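Let me begin by presenting the structure, written as structure tokens, before commenting on it.
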Amino acid sequence: MKFSDRIQRVQPSQTLVITAKAAELRRKGIDVLGFGAGEPDFDTPDFVKEAAIKALQEGKTKYTPAAGIPELREGIAKRLKEKNNIEYSPSEVVVTPGAKMALYEVFAILLNPGDEVIVPAPYWVSYTEQIKLCDGTPVIVEMSEENGFVLTADLVESAITEKTKALVLNTPSNPTGAVIPKKELEKIAEVCLKHDVMIISDECYEEFCYDEEHVSIASLSKEVRDITFTINAFSKAYSMTGWRIGWVAAPEEYIKKINIIQSQTISNPTSFAQYGALAALEDKGKFPAMMKKEFRKRRDFVVSEFSSIEGITVPTPKGAFYVFPNISEYIKEDIKNDIDFTTYLLEEAKVAVVPGSAFGKEGYIRLSYATSMDNLKEGMRRIKEALQKLK
Ligand SMILES: Cc1ncc(COP(=O)(O)O)c(C=O)c1O
């Protein structure tokens, strides 16, 4: 076998372990409730599907410009102005195959071997592995449950060294649902400007903010905008996870380099999927607002259920569609860590959740409430019953 050092540094997702076990139980005919999924349970709206079908029928099935069709780049720039209050010209926007590829491309154009990127933990699983794939070094800063897992400027500043190239921001956060308030974002931006650190702002869950307004860090000032990559996608907001359409917006010189990567790798994001995304833009947030209403009810239910379990604490997530309860009180005897805990829940309660260690935070679990209220009610009943047995 002849592998590059690069691929040897990267881990497969730990979440796959639990997913594989759940799939195995299902194959045996056992009714497993899955709360691991990172995608809305709603179908993609019909108006999006119809626009893609129309594009197919009209023969829009060929290569598009590497950076995406001009109408979509224009539409995204307009949306960034109207919704996020950031000035970007269409030439400062690239349409990408999802936010995930946007992030990878940003790391690829920024990082030299040994460059450090600050990643606040708990973090979304791909940041650290993508940074390593691009020869960078992830530097983890630990956010605290007491502070609702909200990143602070002090934490960022404490992690900065001469090698720091960038900071990853994810608000609202996967896995905690934490939303960084504007005041703190201002301080974080100040620290980044002072130390010449770029900001990579992953705003995939911006449509799902329940108690705290979403603020795009690039909207704070022209100076901040100039050091920021604003990343987002249609995946979560329009339940289009399989369509693979997202974007990155940044000053034009960076975007030109990202275009080079796209032209030499993917060629372009899928042509007809881009027309679907164009239709999603025209909806101006009505569809995600509908989902948000449902998610809020589910969040309130799940938080109140977990809060009623002895030995479990759970900060109320202000956004996204995940809860991140602290289960460390249950780590004893046969349950040696959060992975054992999730295995116990799977085997005893037939409920699949993800261990916190997959997100760089041991002693926690992540449960996605992007599933029906009936599933959540039954899942919480089973979890409570299984935990009762551990007493
Ligand atoms: C925080 C975060 N960023 C990025 C992504 C990837 O989004 P996409 O499906 O658009 O690539 C996800 C998906 O789970 C996510 O949770």
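The values are calculated or read from the model by the stated rules, or taken from the named source; none is laboratory data. Being a predicted model, the structure only gives us computed values, none of them experimental. Neighbour counts run over all protein chains shown; Cβ positions are idealised from the backbone, glycine included.
Assorted remarks:
- Any hit, the stretch 253-274, residues being of a type in the set (A, V, I, L, M, F, W, C) and under 13 Å from Ala52 (Cα atoms): yes
- Out of Leu25, Leu110, Leu33, sole residue that is in the same structural domain as Thr270 (by TED's automatic domain parsing) and touching a residue at least 12 places away in the same chain (Cβ under 8 Å): Leu110
- Test for Ala358: is it assigned to a loop (DSSP other than H, G, I, E, B) and of a type in the set (Gly, Ala, Ser): no
- Residue ID - nearest to Ser239 (Cα to Cα), chosen from residues in the stretch 312-364 that are polar (S, T, N, Q) and more than 21 Å from the chain's Cα centre (by Cα): Thr342
- Enumerated helices (runs of 4 or more DSSP H) restricted to the stretch 1-69, each holding at least 1 residues that are out of contact with any Pro (no Cβ under 8 Å at 6 or more places or on another chain), more than 16 Å from the ligand (Cβ to nearest atom) and of a type in the set (Gly, Ala, Ser): 15-27, 46-57
- Residues of the stretch 215-242 that are more than 9 Å from the ligand (Cβ to nearest atom), surrounded by 20 or more Cβ atoms within 10 Å (Cβ to Cβ) and within 30 Å of Glu294 (Cβ to Cβ): Val215, Ser216, Ile217, Ala218, Thr230, Ala237, Tyr238, Ser239.
- Filtered residues of the stretch 324-341 (kept if assigned to a helix (DSSP H, G or I) and either of a type in the set (Phe, Trp, Tyr) or in contact with a Gly (Cβ under 9 Å, 6 or more places away or on another chain) (or both)): Ser328, Glu329, Tyr330, Asp338, Phe341
- Strands (runs of 3 or more DSSP E) fully within the stretch 80-187 counting 1 or more residues that are hydrophobic (A, V, I, L, M, F, W, C), within 14 Å of the ligand (Cβ to nearest atom) and crowded, with 18+ Cβ neighbours inside 10 Å: 93-96, 116-121, 164-170
- Checked against the criterion of being touching a Gly at 6+ places or on another chain (Cβ under 7 Å) and either on the phi > 0 side of the Ramachandran plot or among the polar types (S, T, N, Q) (or both), the candidates Thr44, Thr96 yield just one match: Thr96.
- Once the stretch 190-214 is narrowed to residues that are within 22 Å of Leu155 (Cα to Cα) and within 17 Å of the chain's Cα centre (by Cα), the residue that is farthest from the ligand (Cβ to nearest atom) is Ile199.
- Test: Gly246 is within 13 Å of the ligand (Cβ to nearest atom), within 22 Å of the chain's Cα centre (by Cα) and surrounded by fewer than 20 Cβ atoms within 10 Å (Cβ to Cβ): no
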